[in-house]
Amino acid sequence: MTKAKVLLVEDDASLAFILKDNLEENSYEVTYCVDGETGWQQFMRNTFDICLLDVMLPKKDGLTLAAQIRKKNESIPILMLTALGSDESKISGFQKGVDDYITKPFNMQELLLRMEVFLKRTQKKQGEMTEPVMIGQLAFDFKNLELKTPESVIQLTQREAELFKYFYQNANTVLKREDILTKIWGKDDYFLGRSMDVFITKLRKYIKGQEGVEIQTIHGVGFKMVVN
């Protein structure tokens, strides 16, 4: 039985062959593209469950492709395959909607495990926040990845929704940075801490001006969602 449909965009033919072969051995259905423009065309024609994109691609670079995909689909997991290791380039990717980075060379088992984590998060969970909850004037619909204000409906990414849910489920409690990172990102390190700050900034922007809810910074410790 097919696990999930993968869009793989990688211009290194040897690496792409290895990835495609391993993914198919693990029951994934893989659509392979050699450049960003073809990857975008395939994304628009077909339905995928997860995207694996190289950063350096001909015709359309991976981050541009990721941004296009994110505008079209707010919840699909996007994992970047990159030899670039600078914090600045990765932060830029997270701001464009990338969910995670896999730095080359990487262990295939690590990639498979990370994919499993993201795919599980996108599956509908029975008995866990299946109905929207009210937070002040906000309606948080985790199942459909939506945050509704009196003025608009904000479509969240999967990671934004997971982070907002964690804050809500621990409302009015100080959460340590390392605990948030371990719970949502799977580990605590400096780089992931910077990416977490980007996501928290986005959540604050979404709820800005809404009565009865705010995300406070507890300096030297972490954060607290204050709900009245």
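FYI, it's all coordinate maths here, none of it is from the lab. Bear in mind that the values here come from a model prediction, so they are computed numbers and not experimental data. FYI the Cβ positions are ideal-geometry reconstructions off the backbone, even for glycines, and counts take in every protein chain you see.
Side notes on the structure shown:
- Alpha-carbon Debye profile of the chain, log10 I(q)/I(0) at 0.09 Å⁻¹: -0.39
- A Stokes-Einstein calculation at 4 °C with viscosity 1.567 mPa s, built on the Kirkwood radius of the stretch 133-227 over Cα pairs, returns a diffusion coefficient of 96 µm²/s.
- Under Karplus coefficients 6.51, -1.76 and 1.60, residue-wise ³J(HN,Hα) of the stretch 22-31 in Hz, glycine/proline x: 5, 5, 5, 5, 9, 6, 7, 9, 10, 10
- Protection proxy ranking, peptides 157-163, 39-45, average beta carbon neighbours within 10 Å, highest first: 157-163, 39-45
- Estimated vicinal HN-Hα couplings, Hz - the stretch 66-82 in sequence order (Karplus 6.51, -1.76, 1.60; Gly, Pro = x): 4, 5, 5, 4, 5, 5, 7, 9, 6, 10, 5, x, 10, 10, 9, 9, 9
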